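Here the structure comes first, spelled out in structure tokens, and everything after it is commentary.
The values are calculated or read from the model by the stated rules, or taken from the named source; none is laboratory data. Please read all numbers here as calculations on a predicted model, not as lab measurements. Glycine also receives a Cβ, built like all others from the backbone with ideal geometry; neighbour counts cover every protein chain displayed.
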Amino acid sequence: MNIEIITSDLLEVATLVIMGITGLAIARIRNLFAVVMLSGIYSLMGATLYVILDAVDVAFTEAAVGAGASTVLMIGTLALTSDRELATPNARTVKGIFVCTLIFAALVYGSFDMPLYGDPLAPVHQHVAPRYLGESMGEIGLPNVVTSVLASYRGYDTMGETFVIFTAAVGVITLIGRARRKKSGKDGGSGS
Amino acid sequence: MIEYAFPGLLNYWIVFLLMMIGLYIVIAHENLIKKIVGLNVFQVSVFVFYISMAKIKGGTAPILADGIEVYSNPLPHVLILTAIVVGVATTALGLALVVRIQESFGTIEDDEVREKEEQDK
């Protein structure tokens, strides 16, 4: 077993542990500004993990969009609302931990049927992917297989994705757009 | 088979723990911004789960080059690329709703919003 593989495995587990600590901090801290910053760190650690796991395209999308854009959106929301969270009642904490423990147990039980991490004989690697890796150079002519699949083999997926973003943008604009704000400002003024 | 003993299933279990931290934040906390952050934590954990299934030991990033034999599976990467962008779109929509709720109710704590709704009836 070669040393590079062992190092990358150790790095992977270490990164996951750091993500776990960040996640627990997010759950505990009640200052929402700190929570938003920690969620940015969580995303960035995720991006680091994707590099270790060979998913470089996913890593830079996560770093730019996941860690960058959503953190900016959240800070914008904090500016319009408040940055303190009220304490969670103990009964709710206990209930939440109970439900999560049950689901965790079910997931671990299910994972015993999964192939081990990094196994090249896992079913997921036997179908479709070998064809992309083998034929995409001849059919599309790009060395980056992820780009070939994204833009060509699964181009409709990507088109659907743009529709989703468009719909979300329309939703955001209708919710907090300028016309809406003017109208609600007038209503709020006369109502209260 | 001994080569795959570490981390074996251990990294999947840590990822399940991460998912549960996200789920816990969503169901136990009343603050709506905190709920959305929890949703993000859950989301990133699911992405990590997917990407770790695509990894092949000793493989490299799926960018074709001479002299490289083993590539990790590119298909989950493509699916997650789409999911990340859609995730940010839903986050933006959720945050817009939070801003509207703050405007209408003056609070972003779920229980207080519900109380005020009861009073209005």
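Couple of notes before you dig in:
- Residue tally, condition at the interface with chain B (Cβ under 7 Å from one of its Cβ atoms) and either assigned to a strand (DSSP E or B) or touching a residue at least 24 places away in the same chain (Cβ under 8 Å) (or both), over the range A:120-149: 2
- Flag if B:Glu3 is facing chain A (nearest Cβ under 7 Å), touching a residue at least 24 places away in the same chain (Cβ under 8 Å) and surrounded by fewer than 16 Cβ atoms within 10 Å (Cβ to Cβ): yes
- The range B:91-121 - residue that is among the hydroxyl-bearing types (Ser, Thr, Tyr) and buried (at least 17 other Cβ atoms within 10 Å of the Cβ) and, of those, modelled with the lowest pLDDT: B:Thr107
- Residue among B:Val37, B:Val48, B:Val86, B:Val44 that is facing chain A (nearest Cβ under 7 Å), under 12 Å from the mean Cα position of the chain (by Cα) and modelled with pLDDT under 95: B:Val86
- Residues in the range A:62-96 that are closer than 18 Å to B:His29 by Cα and charged (D, E, K, R): A:Asp83, A:Arg84, A:Glu85, A:Arg92, A:Lys95.
- Total residues in the range A:46-91 satisfying the condition of being more than 11 Å from the chain's Cα centre (by Cα), aliphatic (A, V, I, L, M) and within 21 Å of B:Val86 (Cβ to Cβ): the figure is 9.
Conditions (1) at pLDDT 95 or above; (2) of a type in the set (Asp, Glu); (3) farther than 30 Å from B:Gly67 by Cα; (4) in the same structural domain as A:Ala55 (by TED's automatic domain parsing), marked per residue:
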residue: A:Thr101; (1), (2), (3), (4): yes, no, yes, no
residue: A:Ala105; (1), (2), (3), (4): yes, no, yes, no
residue: A:Tyr132; (1), (2), (3), (4): no, no, no, no
residue: A:Glu135; (1), (2), (3), (4): no, yes, no, no
residue: A:Gly138; (1), (2), (3), (4): no, no, no, no
residue: A:Ser152; (1), (2), (3), (4): no, no, no, no
residue: A:Phe166; (1), (2), (3), (4): yes, no, yes, no
